[in-house]
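Asks: What follows is a structure written as structure tokens; I'll ask about it next.
The values are calculated or read from the model by the stated rules, or taken from the named source; none is laboratory data. As the structure is a prediction and not an experimental result, all values here were calculated from the model. Positions of Cβ are generated from backbone atoms using ideal geometry, with glycine treated the same way; all protein chains shown enter the neighbour counts.
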Amino acid sequence: MKKCLSCLLFCVIFLFALSAEEIDVLYLKDGTAVKGKIIEQKPGEYIRLRELSGDIVTIEVGNIDRIALEEGTDGSTAAGGRAERRPTFTVQKAYGSVDIDVKTAGTLYLNGTMQGVIPTGSTAKLSNLEIGNHSLEMRYEDGKTESKTVTVQKDRTAQVAFSYVPWPKIPEGFVLVEAGTFRMGSTDGTDGDDDEEPVHSVTISKSFYMSKNEITQKQWREVMGTNPLSMLLDRLMERLINNLKYMEDRGYINYHQGEVGLLDLYYSKETVNRGETADIADYSEVQKLFLEETGKFLAEDTVQTIIGDIDTVLSSDDVAEETKAAYRDLKQIVPQEFTATREIYNSLMDTRTELLEQVYFDYLPVENVSWYDAVEYCNRLSVKEGFASSYSGSGDSIWCDFSANGYRLPTEAEREYAARGGKSSRSYRYSGSSSVGDVGWYYDKSGR
């Protein structure tokens, strides 16, 4: 009996003492509160508390909103006097946010926990983050990852940018130019332009892919939607003039019509363009008249007339055999030259521009385009094939993002490095050879 009374007395005294002391109150984030006495705590991890019932509970720090002190239930101390009030201790956590920019779609992880998918070129926001350092990670579809550490400050928004861009699938017709160092400038002992000297060492620090050939007019048209008609007509006109000049220079024909020959008429455009006196002051009229007269000249009856003249020479007894041999060759050549020239003329006069492009210009390099046109072509092609555009800005203010995975123009150093053969360079003067005749097509080589 005495033992039972002693136990009961101990319980009463313990409960009285616990209720008389100040009580720790843990206000949780779910809106509830736990009261008792803190008996153990590990900063940043947990707090262990003996509840008023005597039970011991462990609460993770992340679930606690704040901590306060409260007087015992009767406001007295264990000695029977009133408890002296002490300041209330409250922990109020601070929060901030993070704005995240990405260039490539991927899944975002915060401190190892998945947050969600961010699409290509998008911005995401993480809000209500506790102040301090946090780890962010982007995981991409190709298995690559990119990690950042961000410091969150109270009521402020931190900025984080993920810049990873996957290397695109190698387009057809492109070759890898590996990074390396070369001697840039005029290295063959000849006098170079001012901007080619002095020769200096340049390092291409990043490998790149480059098209083996120039952009064709077909490629240009498929991306840009047009191929300027004026360019096509100018090229056809140039080919027509060259053919006529070729025939005249070799004495095959003399196609002067009246007092002014066809070429004389055509070349009067130079006089018109210089603003000098001319019989016809408007070049469009000069060109129109030239084409009309050329059409008459290339008619089938003109060819028959020339063949008739040749046959007259061949049937003459007064002409040497050597001369007749030359005329026999001429009889074969004239119809061929007329046929080729007539085809060019007919194409020039044909209004079906698209057909002309396909027949004559699909695989010729695009021409008469500016640097700004080329930049627009690169961006349009990048968008068409699902890559990030390399260029931004407008007008004269255009800049290149060299980290983008889209198409761009090579820099001067990259172009020269690639032309010299990159890491496999043999110090050629020209791209692929030291002889221009091996790799270039020009007037002397064409013979026309």
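Matching residues to (1) within 28 Å of the chain's Cα centre (by Cα); (2) at pLDDT below 80:
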{"position": "P168", "(1), (2)": "yes, yes"}
{"position": "A179", "(1), (2)": "yes, no"}
{"position": "E197", "(1), (2)": "no, yes"}
{"position": "S207", "(1), (2)": "yes, no"}
{"position": "K212", "(1), (2)": "yes, no"}
{"position": "I215", "(1), (2)": "yes, no"}
{"position": "L236", "(1), (2)": "no, yes"}
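Each row is one residue, and each column tells you yes or no for (1) modelled with pLDDT under 90; (2) small (G, A, S); (3) assigned by TED's automatic domain parsing to the domain that holds K103.
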{"residue": "D373", "(1), (2), (3)": "no, no, no"}
{"residue": "S389", "(1), (2), (3)": "no, yes, no"}
{"residue": "P410", "(1), (2), (3)": "no, no, no"}
{"residue": "G422", "(1), (2), (3)": "yes, yes, no"}
{"residue": "S425", "(1), (2), (3)": "yes, yes, no"}
{"residue": "S435", "(1), (2), (3)": "yes, yes, no"}
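Asks: Moving on. Go through E197, E178 for me and flag whichever is in contact with a Ser or Thr (Cβ under 8 Å, 6 or more places away or on another chain), assigned by TED's automatic domain parsing to the domain that holds Y407 and farther than 29 Å from A404 by Cβ.
Replies: Details: E178 fails: farther than 29 Å from A404 by Cβ.
Being in contact with a Ser or Thr (Cβ under 8 Å, 6 or more places away or on another chain), assigned by TED's automatic domain parsing to the domain that holds Y407 and farther than 29 Å from A404 by Cβ holds for just one of E197, E178, which is E197.
Asks: Scanning region 344-360 for residues that are modelled with pLDDT of 80 or more and surrounded by 14 or more Cβ atoms within 10 Å (Cβ to Cβ), which turns out nearest to S211 (Cα to Cα)?
Replies: I344
Asks: E343 passes all but one of (1) closer than 17 Å to E238 by Cα; (2) without any contact (Cβ under 8 Å) to a residue 12 or more places away in the chain; (3) touching a Leu at 6+ places or on another chain (Cβ under 8 Å); which number fails?
Replies: For E343, the exception is condition (3).
Asks: Can you name the number of the only condition in (1) within 20 Å of I170 (Cα to Cα); (2) of a type in the set (F, W, Y); (3) modelled with pLDDT under 80 that Y363 fails?
Replies: Checking Y363 against (1) within 20 Å of I170 (Cα to Cα); (2) of a type in the set (F, W, Y); (3) modelled with pLDDT under 80, the one that fails is (1).
Asks: Which one is surrounded by the most Cβ atoms within 10 Å (Cβ to Cβ), of the residues in region 102-145 that are more than 28 Å from the chain's Cα centre (by Cα) and outside any strand (DSSP E or B)?
Replies: I131
Asks: Sticking with this structure for a sec: Based on what the data block shows, is V369 modelled with pLDDT of 75 or more, under 21 Å from Q217 (Cβ atoms) and assigned to a loop (DSSP other than H, G, I, E, B)? Walk me through how you get there before you give the answer.
Replies: On the way: modelled with pLDDT of 75 or more: yes; under 21 Å from Q217 (Cβ atoms): yes; assigned to a loop (DSSP other than H, G, I, E, B): yes.
Criteria met by V369.
Asks: Please enumerate the residues belonging to region 150-165 that are polar (S, T, N, Q) and either touching a residue at least 40 places away in the same chain (Cβ under 8 Å) or in contact with a Cys (Cβ under 9 Å, 6 or more places away or on another chain) (or both).
Replies: Taking region 150-165 first, the residues polar (S, T, N, Q) are 151, 153, 157, 159, 163.
Passing the criteria: Q153, T157, Q159, S163.
Asks: Right, something else. With (1) touching a residue at least 60 places away in the same chain (Cβ under 8 Å); (2) touching a helix residue (DSSP H, G or I) at 6+ places or on another chain (Cβ under 9 Å) as the list, and V175 as the residue in question, which single condition is left unmet?
Replies: So V175 meets the others, but not (1).
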